[in-house]
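Engineer: Below are the structure tokens for one structure; questions will follow.
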Amino acid sequence: MAKFLTILLAEASIEQFPEELMNDINVRNYFSKSKKKPSEVMLDINYHKHLIKNLSDVEKRGRPDIVHIALLSCFGSILAREERLRVIIHTINDKTIYINPETRLPKNIDRFNGLFLQLFRDKKVPPSGNDVLMSLEDGNLLQLLKRLRKEHDLIIELSVKGEQLSTSEYSKIIFNATNPLLIFGAFPHGEISDIPDELIDKKLGIYEEGLDLFAVISQILASQHMMEEDELLGKNTKNDTLSWE
């Protein structure tokens, strides 16, 4: 039975407005009017689509809402309430974010963005004291996975291009691991950049069509709780049977 589950949101679409775009006159005009620095603005395609068309990997950029809703799904789960869920974020520009399981994230997107902008600036939240809710360090996805490979007995990449399994099939695989790690792409389009085969054990899909990230996470976390309930019910039924013998 999985005693502890770790979720990695890979190449997550959350970042400060890229300084590299400041050579564009339209971008400079935008910030002149807003009276803010790029480091004080979260890149968001809802507001900046006309400014980022020449940005590399643009199809994966500017969707902090995807990360926000996914995190709410994670930390609102029963597994999180029981402090048996860890969430790590690897961002599109190679920042790794560790979140304390006791963190209560804002449900309002503006407050959420403000919290993460503070994290990008100060490297941890709160910026002083020992009770750290979130911390940030530099490092690419490959470096992170090499480190995580040593800690987890099962690593699964979730992808619509992976082996398609039924709910009962993938639930059992995850449930039977001791310390599984699940990797999800936290961006609107495309696939996670190539991950070496030796760093993952399986590449699985739970549905033949693409689903919203929060829906996939909620489905998997709910299935794990159901597996635990079924196992507990089975043990109780067995004990009841033995008591009558």
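Throughout, read-outs are computed from the coordinates displayed, never taken from laboratory work. Not measured: the values here are computed from a predicted model. With ideal geometry, Cβ positions are generated from the backbone for all residues, glycine too; neighbour counts draw on all protein chains shown.
Engineer: Which of 124/146; 95/203; 124/203 have a Cα-Cα distance over 27 Å?
Structural biologist: With Cα atoms farther than 27 Å apart: 124/203.
Engineer: List every DSSP H helix in the chain whose Cα atoms extend 18 Å or more along the helix's own long axis and whose mean Kyte-Doolittle hydropathy is at least -1.0.
Structural biologist: 109-122, 213-243
Engineer: Sticking with this structure for a sec: With a Förster radius of 30 Å, plug the Cβ-Cβ distance of residue 29 and residue 189 into 1/(1 + (r/R0)^6) and report the FRET value to the nearest 0.05.
Structural biologist: 0.60
Engineer: Report the extension gain between residue 140 and residue 103 in nm, rounded to one decimal, defined as 0.36 nm multiplied by the number of residues separating them, less their alpha carbon distance.
Structural biologist: Full extension from residue 140 to residue 103 adds 10.9 nm.
Engineer: Continuing with the same structure: To one decimal place, what Kirkwood hydrodynamic radius in Å is obtained for segment 57-178 from all pairs of distinct Cα atoms?
Structural biologist: 16.4
Engineer: Have a look at 112, 142, 220 and report the one farthest towards the positive end of the charge dipole of the chain, computed about the Cα centre with Cβ charges (Lys/Arg +1, Asp/Glu -1).
Structural biologist: Projecting each Cα onto the dipole axis, the largest value belongs to 112.
Engineer: Hey, another quick one. Could you list which residues have their amide H under 5 Å from that of residue 205, counting only those 5 or more apart in sequence or on another chain, with H placed in the peptide plane?
Structural biologist: 159, 162, 163, 164, 165
Engineer: Mind checking the full-extension length gain between residue 151 and residue 232? Use 0.36 nm per residue of separation minus the Cα-Cα distance, one decimal, nm.
Structural biologist: Difference between extended and current length: 26.5 nm.
Engineer: Something else now. Kirkwood Rh and Cα-based Rg: tell me the resulting Rg over Rh for segment 57-101, rounded to two decimals.
Structural biologist: With Rh from the inverse mean 1/r over Cα pairs, Rg/Rh is 1.04.
Engineer: Give me 111, 63, 86 sorted ascending by neighbouring Cβ count inside 10 Å, so fewest comes first.
Structural biologist: In increasing order of surrounding Cβ atoms, one gets 111, 86, 63.
Engineer: Any chance you could run the full-extension gain for residue 160 through residue 219? It's 0.36 nm times the residue separation minus the Cα-Cα distance, nm to one decimal.
Structural biologist: Between residue 160 and residue 219, full extension yields an extra 19.8 nm.
Engineer: Show which lysines lie in cross-link reach of residue 33 when reach means a straight Cα distance below 26 angstrom and same-chain residues fewer than eight apart are skipped.
Structural biologist: Partners within reach: 49, 53.
Engineer: So what is the calculated 222 nm ellipticity per residue for the chain, using -39500 (n - 2.57) for each DSSP H run with n of 4 or more, over all residues, to the nearest 500 deg cm²/dmol?
Structural biologist: Per the formula, -11500 deg cm²/dmol.
Engineer: Would you be so kind as to identify which of 200, 42, 67 lies farthest towards the positive end of the dipole of the chain, taking Lys and Arg as +1 and Asp and Glu as -1 on Cβ and the Cα centre as origin?
Structural biologist: Looking along the dipole axis, the top candidate is 42.
Engineer: Moving to a separate point now. Each residue of segment 86-95 in turn: what ³J(HN,Hα) in whole Hz from Karplus with 6.51, -1.76, 1.60 and θ = phi - 60°, glycine and Pro shown as x?
Structural biologist: After applying 6.51 cos²θ - 1.76 cosθ + 1.60, I find 10, 10, 10, 10, 10, 8, 4, 10, 6, 10 Hz.
Engineer: Take residue 122 and residue 172, extend 7 Å from each Cα along the Cα→Cβ direction, and tell me the distance between the two endpoints in nm.
Structural biologist: Calculated label separation equals 4.9 nm.
Engineer: What residues have an amide H closer than 5 Å to that of residue 52, excluding those fewer than 5 places away on the same chain, when H is modeled at 1.01 Å from N in the peptide plane?
Structural biologist: Amide H neighbours of residue 52, under 5 Å, 5+ apart: none.
Engineer: Can you tell me the dipole magnitude for the chain around its Cα centre, using point charges on the Cβ only (Lys, Arg +1; Asp, Glu -1), in Debye to the nearest 20?
Structural biologist: With Lys and Arg at +1 and Asp and Glu at -1, about 1040 debye.
Engineer: Where the eigenvalues come from the Cα gyration tensor of segment 87-153, what are the semi-axes √(5λ) of the equivalent ellipsoid, largest first, in whole Å?
Structural biologist: Its equivalent ellipsoid spans semi-axes of 22, 13, 12 Å.
Engineer: Report the Rg/Rh value for segment 1-136, based on alpha-carbon coordinates and the Kirkwood definition of Rh.
Structural biologist: 1.01
Engineer: With the alpha-carbon atoms as the only input, what is the per residue convex hull volume for the chain in Å³?
Structural biologist: Enclosed volume per residue, from the Cα hull, is 143 Å³.
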